[in-house]
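Here the structure is laid out as structure tokens; the discussion comes afterwards.
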Amino acid sequence: MSGLIDIIIDIGDAVRRLDRAAAILDNPTDLYRGIAQSLESVTEGNFAAQGRPHWAPLAKSTLKERTSRNKGSSTMMILQDSGILAASVSSSYGADFALIGAGGAASDYAAIQQFGGEIKRAAYSTKVRLRTDAKGNLLRQASNPNLAVFARDSHKRARESWHEVGEYSIKIPARPYLPFSGPPDAPILQPEAETSIMDAVDRFLRGAFGQ
């Protein structure tokens with residue numbers, strides 16, 4: 001009858017790899033760093049694509065105002081007239097969280113651009129200055145004689161009058177630039193963000209187990 005055979009297998013390398021993986025998984029800060037970076041990257045892509053899906057187009061009055069204000073040189077990119085909103089986006093992370101948000105110089109309108117809403121304007125008085133000729137007659141626009149010509153402060157010949165503007169509301173459509181849509185109490189992660197986060201998780205696990 002044959003005796004028992006003792007076989008000794010060295011699993012030191014496997015144990016070391018498991019210990020390394022356990023140490024990495026015990027402090028997943030790198031994972032949340034990658035998730036935060038993914039959220040920022042998706043947000044940048046949203047601004048570049050003007051929404052994914054595409055945001056509601058700019059109102060005709062907004063397009064006209066931008067063109068007039070900047071003498072035709074203003075960008076027509078949605079939510080990017082000055083670039084302040086996009087520049088205000090930032091992320092944060094730690095051992096158990098990843099965050100992304102917007103605010104700073106854009107704090108007055110960051111939320112309403114993301115979620116949409118209604119802005120109520122109170123009634124106010126405004127002064128209108130119209131240009132006149134030497135006899136005091138209103139000057140008319142060459143392209144439309146029914147319209148008067150506005151006067152600058154530097155124009156000496158002008159007719160001034162005060163007008164009351166009643167209370168009114170402005171409806172702002174939701175243009176979700178952060179990587180989620182829906183109300184703040186029930187956000188829905190957009191598909192691009194979900195894919196990017198899963199890629200970050202996969203990279204983290206591969207790194208933990210040395211793959």
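The values are calculated or read from the model by the stated rules, or taken from the named source; none is laboratory data. Keep in mind the model is a prediction, meaning the values are calculated, not measured. Counting neighbours? That spans all protein chains shown, and the Cβs are built from the backbone with ideal geometry, glycine included. When the accessible area is computed, the model is the full protein with side chains, heavy atoms only, and any ligands, DNA or RNA have been set aside. Shrake-Rupley method; radii C 1.70, N 1.55, O 1.52, S 1.80 Å.
If the cut-off is 21 Å between C-alpha atoms, which lysines fall inside it for Lys120, apart from same-chain ones fewer than 8 positions away?
Lys60, Lys171
Need one number: nm distance between label points at Ser82 and Ser161, each 7 Å from Cα along Cα→Cβ, rounded to one decimal.
According to this spin-label approximation, the distance is 3.3 nm.
With the full set of protein chains in place, find how many percent of the accessible area of segment 47-149 is carbon and sulfur; take the probe as 1.4 Å.
53 percent
Report the one residue of Pro191, Trp162, Gly117 whose Cα lies farthest in the direction of the positive end of the charge dipole of segment 113-211 (charges on C-beta: Lys and Arg +1, Asp and Glu -1; origin at the Cα centre).
Most positive-ward Cα: Trp162.
Work out the charge dipole of the chain with +1 on the Cβ of Lys and Arg and -1 on the Cβ of Asp and Glu about the Cα centre, then indicate which of Leu147, Ser88, Ile78 is farthest towards its positive end.
Farthest towards the positive pole: Leu147.
Suppose every K and R has +1 on its Cβ and every D and E has -1 on its Cβ; what is the size of the dipole of the chain about the Cα centre, in Debye to the nearest 20?
Charge dipole, the chain, about its Cα centre: 2340 debye, nearest 20.
Among Asn137, Ser68, Thr29, whose Cα projects farthest towards the positive end of the dipole of the chain, with charges put on the beta-carbon of Lys, Arg (+1) and Asp, Glu (-1)?
Highest projection toward the positive end goes to Asn137.
Add +1 for every Lys or Arg and -1 for every Asp or Glu among the other residues with Cβ under 13 Å from the Cβ of Gly117, and state the total.
Overall, the nearby charge balance is +1.
May I ask you to compute the full-extension gain from Tyr109 to Asp202, defined as 0.36 nm times their residue separation minus their alpha-carbon distance, rounded to one decimal in nm?
On the way: separation 93, 0.36 × 93 = 33.48 nm, distance 3.59 nm.
So the chain would gain 29.9 nm between Tyr109 and Asp202.
Between (i) 189; (ii) 140; (iii) 176, which entry matches volume of the Cα convex hull per residue in Å³ as derived from the coordinates of this structure?
Only one listed value fits the structure, namely (i).
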